[in-house]
1. Mind checking the alpha-carbon convex hull of segment 24-81 and giving the volume per residue in Å³?
2. Return the single residue from 193, 364, 221 with maximal mean-square fluctuation; model: Gaussian network over the chain, springs between Cα atoms under 10 Å.
3. Once you mark the chymotrypsin sites (Phe, Trp or Tyr not before Pro) that are in a DSSP loop and have at most 11 other Cβ atoms within 10 Å, what is the longest gap between them in the chain?
4. What is the P(r) of segment 35-268, as percent of Cα-Cα pairs per 5 Å bin from 0?
5. Scan segment 192-246 for trypsin sites (Lys or Arg not before Pro) in coil per DSSP, keeping those whose Cβ has at most 15 other Cβ atoms within 10 Å, and list them by number.
6. At a 1.4 Å probe radius, carbon and sulfur cover how many percent of the accessible area of segment 35-268?
7. Computed on alpha carbon atoms, what radius of gyration and Dmax characterise segment 172-242, expressed in Å?
8. Show me, for segment 262-270, the HN-Hα J-couplings you get by feeding each phi into the Karplus relation (A = 6.51, B = -1.76, C = 1.60, θ = phi - 60°), rounded to Hz, glycine and proline as x.
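The values are calculated or read from the model by the stated rules, or taken from the named source; none is laboratory data. It should be emphasised that the depicted structure is a prediction, and the values quoted were computed from it without experimental measurement. Backbone-built Cβ (ideal geometry, glycine too); neighbour counts: all protein chains shown. Just so you know, the surface numbers come from the protein's heavy atoms only, side chains and all, with ligands and any DNA or RNA stripped out. Shrake-Rupley method; radii C 1.70, N 1.55, O 1.52, S 1.80 Å.
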Amino acid sequence: MWAGLSPGAAPEVTGPVTADYDFRVGLPDARLFPYDVWRPLIARELRLSGTGAVGYGDPVGHAGLRAALARHIGLSRGVRAGPDDLLVTTGTQQGLDLVGRVLLEPGDRVVVEEPGYPPARLPFLAQGAVVTGVPVDAEGLLVDAIPPDTRAVYVTPAHQFPLGMPMSLRRRTALLRWAWRHGAAVIEDDYDSEFRFGGRPVETLQSLDRSGHVIYVGSFSKVMMPSLRLGFLVAPAGLRTALRTAKYAADWHTAVATQAALARFVDDGLFARHIRRMQHTYAVRHRIVVGALTGRFADLAEPVPSAAGLHVTAFTRGPLADPRALAARARGARASGVAVHTLAEVAADRSARPGLVFGYGSISAPDIEPGLQRTLGEPREP
Ligand SMILES: Cc1ncc(COP(=O)(O)O)c(C=O)c1O
């Protein structure tokens, strides 16, 4: 059942990189992580474990962390959840795996976005599901194109991966109505929307859902760092017991010291401070990327409008509209020290429209324009 599946972007974003200009997608700026405040929090929790004060934890997660997170996502994203609605995971990937285990039977159909996030398909395929790509347009997933026998729909409404636009309110409402009519589940992957750059955020599917069809999946990979392997999910009450059992079966619980340290980090206001600081940093980088693509490089690239997250996708045009020319240019850029990916490389859909994905989590602001120039070639004369 795994045959023919390319995990796509996943292997590319792991491991050290030695590029002069790092546009890899999906990575936050590890240089700006607040190690000085995180280190004593972790040390304290490990010391407590060492005294035997802490043993095995609850599969649903650390109670203090669940309470802190419920408050945080209520305030920041309008997610309607109490601590008992939350389950702490080792990241989105585990969240999707647990959801797949409790929802799917072999042969069930799961719809994913096309182009979309390749790793999301793996846990569904592992359950023997049939994974069907449904195209997205400027408003998000084409709800009318979802096959009627679909059991679950996986979407990235806040910041579509990899294109970057938000799902419109009209499309969100249509998706929820569709799920309700067909008795299907909607899996909402909200992976990087803490970082917003203007505009009013559209309500999450979870907060719009009145019939208990949405499972909301969150991650700390962007807002903290991916190697922590921390995330959470918010599920309707009817799935809670099954999810708890699935988590228990999978790995009993996520590391207690990390959860407890994060709970303190949130409760002491350090998390909010870190988000504010990174929000400012990424807003500057987002503005520089979009400004250069719509200005100096407008003959070669057309960025997809986006107002959140850690990457901007641009369709390529002119000499780079040809997929072979684009692939050659990307190879050339990599050979000359730029870590950058084409849209086809990060999306499961190899026939994606020619484009490039510019992650700005790991590149400093002054390096952005020279990096774009080395990637795209000489811009037109002003
Ligand atoms: C669409 C999407 N969802 C989720 C994640 C985060 O996954 P995890 O929490 O497993 O690190 C990423 C990371 O790049 C992503 O692009």
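1. Taking only Cα atoms, segment 24-81 has a hull volume of 154 Å³ per residue.
2. Maximum fluctuation in the GNM of the chain, among the listed residues, is at 364.
3. On the way: sites that count: 2, 56, 252.
The longest uninterrupted stretch comes out as 57-251.
4. Spelled out bin by bin, segment 35-268 gives 1, 7, 14, 19, 20, 16, 11, 6, 3, 2, 1, 0 percent.
5. Working: sites: 196, 210, 222, 229, 240, 244; in loops: 210, 222, 229.
When the trypsin sites (Lys or Arg not before Pro) of segment 192-246 are filtered for loop state and at most 15 Cβ neighbours within 10 Å, 210 remain.
6. Working: 5070 of 9180 Å².
Taking all protein chains in place, segment 35-268 shows 55 percent carbon and sulfur surface.
7. According to the Cα coordinates of segment 172-242, Rg and Dmax are 13.8, 39 Å.
8. Taking θ as phi minus 60°, the curve returns 5, 4, 5, 4, 6, 4, 7, x, 6 Hz for segment 262-270.
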